[in-house]
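What follows is calculated from the coordinates using simple rules that are stated; it is not laboratory data. The structure displayed is predicted, hence computed values, not measured ones. FYI the Cβ positions are ideal-geometry reconstructions off the backbone, even for glycines, and counts take in every protein chain you see.
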Amino acid sequence: MADQNFLELVNGEKIAYRLAAGRGPGVLWLGGYHSDMNGTKAQAVAAWAARKGRASLRFDYFGHGASSGDFRVGTISRWRDDALAVLDKLAEGPQILAGSSMGGWIAMLLARLRPERIAGLLLIAPAADFTEVLMWNAMPEEMRRRIMEEGYLLRQGDDGESYPVTREIIEDGRNNLVLGSTIAPDYPVRILHGMADADVPWRHGLKAAESFRGDVTMTLVQRADHRLSAPADIALIERTLDGLAEDTKPC
């Protein structure tokens, strides 16, 4: 396993990361909301890269895992900028971006901002625009009012923990919306989504697929939930990475 290190940002925050050397294109893992780089899928992707002799890079966003900061004040823009800093300062050459849940949204933002640095995209249950579509639009008016007047609302996650939904993350999310726009990459895009996903419905993932024009394939897994972490799901992720690696030019 690659050693954990820290990237110090200009604002003084420290982003924890693990970088393993290898040939390119490397794989940059973009984790989900309130997840860290030691999750099942993140480790599986790093292990896949090690077996294939490819470089891999994973990190914790601000307020996540071993990185500095308070998760409760995080926003999509801040986490997007963390990913940009990691890509710009730590990754060498084009990268295959593997984004899970919120990481799929971050990957789509990077596809807009750094198209020349991307060799391929793997989006796993992508939660693009989730602050608006899956949070705000799904809330009753009373919950919306409390967020706007009190600044936040506590919601319980599937793991039993309570997470704040802040007015700032809702308003900031609106500055980063990607669905409905068009991304026309010159690299392959692969999307995996579980049809039993209760957190990010597979039809939401289809909207992400419809945002791309080009070599785009979406695979639906009938019995899989949002985590896509069962052994069969991990095997599918590895096979998809195999295909992406074959479809990208070595560097």
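Within segment 23-43, does at least one residue satisfy the condition of being closer than 30 Å to Pro231 by Cβ, of a type in the set (A, V, I, L, M, F, W, C) and over 14 Å from the mean Cα position of the chain (by Cα)?
Within segment 23-43, none of the residues are closer than 30 Å to Pro231 by Cβ, of a type in the set (A, V, I, L, M, F, W, C) and over 14 Å from the mean Cα position of the chain (by Cα).
Rundown of residues vs (1) touching a Gly at 6+ places or on another chain (Cβ under 7 Å); (2) exposed (fewer than 15 other Cβ atoms within 10 Å of the Cβ); (3) within 18 Å of Gln43 (Cβ to Cβ); (4) free of Cβ contacts under 8 Å to residues at least 12 places away in the same chain, yes/no style:
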residue: Asn176; (1), (2), (3), (4): no, no, no, no
residue: Gly180; (1), (2), (3), (4): no, yes, no, no
residue: Ile183; (1), (2), (3), (4): no, no, no, no
residue: Pro188; (1), (2), (3), (4): yes, no, no, no
residue: Met195; (1), (2), (3), (4): no, yes, no, no
residue: Pro231; (1), (2), (3), (4): no, yes, yes, yes
residue: Glu246; (1), (2), (3), (4): no, yes, no, yes
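Scan segment 131-148 and give yes if some residue there is among the aliphatic types (A, V, I, L, M) and in contact (Cβ under 8 Å) with a residue 60 or more places away in the chain, otherwise no.
yes
In a helix (DSSP H, G or I), of a type outside the set (Val, Ile, Thr) and touching a residue at least 24 places away in the same chain (Cβ under 8 Å): is that true of Ala44 in this structure?
yes
A quick yes/no check of all residues on (1) closer than 30 Å to Ala235 by Cβ; (2) out of contact with any Pro (no Cβ under 7 Å at 6 or more places or on another chain); (3) not in a helix (DSSP H, G or I):
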{"residue": "Trp105", "(1), (2), (3)": "yes, no, no"}
{"residue": "Ala111", "(1), (2), (3)": "yes, no, no"}
{"residue": "Gly120", "(1), (2), (3)": "yes, no, yes"}
{"residue": "Glu132", "(1), (2), (3)": "no, yes, no"}
{"residue": "Trp136", "(1), (2), (3)": "no, yes, no"}
{"residue": "Arg144", "(1), (2), (3)": "no, yes, no"}
{"residue": "Glu149", "(1), (2), (3)": "no, yes, no"}
{"residue": "Pro164", "(1), (2), (3)": "no, yes, yes"}
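Residues of segment 162-174 being free of Cβ contacts under 8 Å to residues at least 60 places away in the same chain, out of contact with any strand residue (DSSP E or B) (no Cβ under 8 Å at 6 or more places or on another chain) and of a type outside the set (Lys, Arg), which ones?
Listed by number, the residues that qualify are Ile170, Glu171.
Can you confirm whether segment 71-85 contains a residue that is within 23 Å of Met1 (Cα to Cα) and touching a helix residue (DSSP H, G or I) at 6+ places or on another chain (Cβ under 8 Å)?
Within segment 71-85, one or more residues are within 23 Å of Met1 (Cα to Cα) and touching a helix residue (DSSP H, G or I) at 6+ places or on another chain (Cβ under 8 Å).
When you check Ala46 against the structure, is it of a type in the set (A, V, I, L, M, F, W, C) and either over 16 Å from the mean Cα position of the chain (by Cα) or surrounded by 20 or more Cβ atoms within 10 Å (Cβ to Cβ) (or both), yes or no?
Yes.
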